[in-house]
Amino acid sequence: MKDENFNAALAAATCALLGSAVATPVRAREEKSPWSLDSTLLYYGESDDRVRDISGAVAATRDFGDERKLSATLTADTLTGASASGAIALGRPQTFTSPSGRAVYTTNPGDLPLDDTFLDTRFALNASWTQPLARLYTFSAGLGFSTEYDYLHLGANLSLARDFNKRNTTVSAGVAYSQDDIDPVGGRPLPLSQMLDVGNGASKRAGSESKDVLDLLLGFTQVLNRTTVLRVNYSYSDSSGYLNDPYKILSVVDPLTGDTLTRVPIGEGPNGVYLFESRPDSRAKQSLYAEMKHAFGKPVLHLAYRYMTDDWGIDSNTGEVRLRWPLGAASYIEPQLRYYTQSAADFYRASLVDGAALPRYASADFRLGDFDATTVGVKFGHGTASGNEWSIRAEYYQQDLSDLSAVIVQFGYRFGL
Amino acid sequence: VNASCAATLTRDLDHWVGRFMAMASPCDVLMDDAPADVAQQVLDAVAAEAWRIERKFSCYRTDSVVHRINQAAGCGIEVDEETANLLDFAATLTRLSDGAFDITSGVLRKAWTFDGGDYVPSQEQIESLLASVGWHKVGWQRPVLRLQAGMQIDFGGIGKEYAVDAAAACAEKIAPALSCLINFGGDVAVRSARRDGKPWRVGIESCGRIGTAERVVQLARGALATSGDSRRFVFRGGHRYSHILDARTGWPVRNAPHSITVAADTCTQAGTLTTLAMLQGSHAEGMLRASGVRYWLQ
């Protein structure tokens, strides 16, 4: 229909025909169960008994009609296992003081040192409200809260979207702010201070630290044709405050042998020289995300790419491809492949060298290192006659830097009430 | 009045249900709680209006205005005000659809039979009929209409929706505060909200399974119209041709949605939008999205 004033022309013609100057505006909406629930149970298990996470989430949406919606998501997470502390593997046993400062743990020769005191339960609650503001405008606002034994997160976000071009184009802008309080077990270590013996708290300070994060988001969605949708998002994120991981350390090595310097504890304590990491107190990230969905008849291809760069020197690229293939009228299978590659932060180093000047910032956390990761997975979904859907997804993750692999299994069930 | 033309009034839980047949469709009038005599009066007025419009505009009745117009093709004929209003409205739709909608396209049905089979007429057959199609060939100087010899008009795609709005206006005149739902074969209008504030619930038939509701729409006020080809189509060469003909080509629209339901302020507007969207074929949804109305596709 080329006529821009199509609606006005039709309304005027109808008025002339029916002779009613004032038409009462229609009030109609589809009857749906007002509540829809999406529940998931996720298992994430790393190889060699490292981190294991079991997470359950329920997302509930209440539809109030006229495109007004309230959503709330409750998540409970249980993390167990051990994670790499940052210290390098050695040909001799290594003893470390645990984060609490009250005990020691020992790593066998040849093994990557893992901090096995890692155990956490997290609860998170997010709620958001969405409604149209005026014709073509949609507004949403949300609040988020999560808590762990050493962590408290509070966040808020606002966004506004506007449709253009016969609703084929949507432009959105959003802002989010969060504040996190971190109260590390055993106190907050001074950056680049040495790991000391059990009972010696000289390198730690009591009390909590905080971190603020401001995110700005710009989004653009374009319906290219009946079968293709393109979405592009740009985001800017600025974090400031305490950005260290209080449980990560670096080994100090002999420049000639490359082995960690030995240390003789008084009583119980580390048998090598380990320093707590030090990160800058601010981080600015920018990312660009593009996603295209294309339907080839019934099958739907999903392609996504993300580029991220930050002022710590990390650049990352993520590519993802998924293909949803219908099986019969009610089911589908969706294979997926994701590849991730990142460059290291400027201050990332596997260890510190004895005798060299101490850098201002240093971390051996492999998440800040140079690595590639591949995820392969498949999802199967089935819609029931009553309009509900269940799904199962299995993924395998392989990362090259710390020789990490993980299995992810997720069950999902979506239903109305 | 014969038995098939009788309207029956029955009582449901919290409302009255009036039923009759008109325009080859089952018609319902649902009325909020009211005295029996008021309900009967409203039902009688609604049925009378439906039968009046059917008598006046049916192309199958020899006593109708449409029949008289078609018989007079080749000469000028003066029409009454209501007919003139409908002709003006039809002319607007032809303009808005760039000629795809045309009340003179009915003669094409001599070639097309939509029975779910695969019969397709020859291009020569269609072209010979197209000679008698086209509103631009019609002389229309209100109140005088002049069809060329061999041309015909019909108000299919407008008439039933117009009748729903006209009947709803009749009901409102008799009992302005009474909430009535007028349903003529799936085209529905409600003029005023129910007393308890609850909406009327309108089931939209599923395409695949006739007789079962695909979805339920809550209608507090306004109108719904549905256009579909679940029972009337031609399937040929891998394409499903709906029963909706494009007056410019003489061919049915290809790959349109099986069914379109639109909610609008009046049934005439809703019905027009479903018809014009159907004429867009595979672009139907784009047009509905652009127009900003609430719609449901199957």
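What follows is calculated from the coordinates using simple rules that are stated; it is not laboratory data. No experiment lies behind these values; they were computed from the predicted model shown. Here Cβ is always computed from backbone atoms with ideal geometry, including for glycine, and neighbour counts include all displayed protein chains.
Before moving on, here are some points about what is shown:
- Flagged links, alpha-carbon separation over 20 Å, of A:32/A:379; A:211/A:248; A:69/A:298; A:285/A:379; A:32/A:298: A:32/A:379; A:69/A:298; A:285/A:379; A:32/A:298
- The label-point distance for residue A:360 and residue B:249, in a model that sets each label 7 Å from Cα toward Cβ, rounds to 7.0 nm.
- Chain A, relative contact order in percent, only Cα pairs under 8 angstrom and at least six apart counted: 13 percent
- Per residue, the average separation of C-alpha pairs within less than 8 Å and at least 6 apart gives the range A:149-203 a relative contact order of 34 percent.
- Assuming charge only on the beta carbon of Lys and Arg (+1) and of Asp and Glu (-1), the dipole of chain A about its Cα centre is about 1800 debye to the nearest 20.
- The mean number of partner chain beta-carbon atoms within 10 angstrom of a residue's beta-carbon across peptide B:265-272 is 6.
- Value of Rg/Rh across the range B:1-138 [Cα atoms, Kirkwood radius]: 1.08
- Simple point charges give the picture: +1 on the Cβ of Lys and Arg, -1 on the Cβ of Asp and Glu, and for chain B a dipole about the Cα centre of about 440 debye.
- Loop-resident chymotrypsin sites (Phe, Trp or Tyr not before Pro) (DSSP state other than H, G, I, E or B) in the range B:95-190 with no more than 14 further Cβ atoms inside 10 Å of their Cβ: B:119.
- Ordering B:127, B:172 by the number of other Cβ atoms within 10 Å of each residue's own Cβ, fewest first, gives B:127, B:172.
- In degrees, nearest ten, helix A:6-18 long axis to first principal axis of chain A (Cα): 30 degrees
- With neighbour counts taken as other beta-carbon atoms within 10 Å, the residues B:60, B:241 rank, fewest first, as B:60, B:241.
- Relative contact order for the range A:123-268, counting Cα pairs under 8 Å that sit 6 or more residues apart, in percent: 16 percent
- Note on the range A:246-264 and the range A:101-147: Cα centroid distance 31 Å, given to the nearest whole angstrom.
- Shielding by partners - mean other protein chain Cβ count within 10 Å, residues of B:18-30: 0
- Peptide ranges A:85-92, A:357-364, B:290-297 listed from the most packed, as the mean C-beta count within 10 angstrom indicates: A:85-92, B:290-297, A:357-364
- Other protein chain Cβ atoms within 10 Å, averaged over every residue that makes up B:89-100: 3
- Equivalent-ellipsoid semi-axes for the protein assembly as shown (Cα gyration tensor, √(5λ), whole Å, largest first): 72, 27, 21.
- Selected from A:222, A:356, A:290, residue furthest toward positive end of dipole (chain A; charges at beta carbon): A:222
- Column: log10 I(q)/I(0), Debye, Cα scatterers of the range A:4-139, q = 0.10, 0.16 Å⁻¹: -0.64, -0.96
- Overall form of the range B:16-81 per C-alpha gyration tensor (a/c, 1.5; a/b vs b/c): prolate
- Across the range B:107-160, the fraction of Cα-Cα pairs farther apart than 16 Å, rounded to a whole number, is 55%.
- FRET efficiency, residue A:102 to residue A:152 (Cβ-Cβ, R0 22 Å, nearest 0.05): 0.40
- Computed label-point distance, nm, for sites residue A:228 and residue A:321 using a 7 Å Cα→Cβ extension: 1.6 nm
- Whichever lysines have a C-alpha closer than 29 Å to that of residue B:110, once near sequence neighbours (fewer than 8 apart) are set aside: B:56, B:137, B:160
- Annotation: the residues A:273, B:38, sorted from fewest to most other C-beta atoms within 10 Å of their own C-beta, follow the order B:38, A:273.
- Debye log10 I(q)/I(0) for chain A, one point scatterer per Cα, at q = 0.08 Å⁻¹: -0.58
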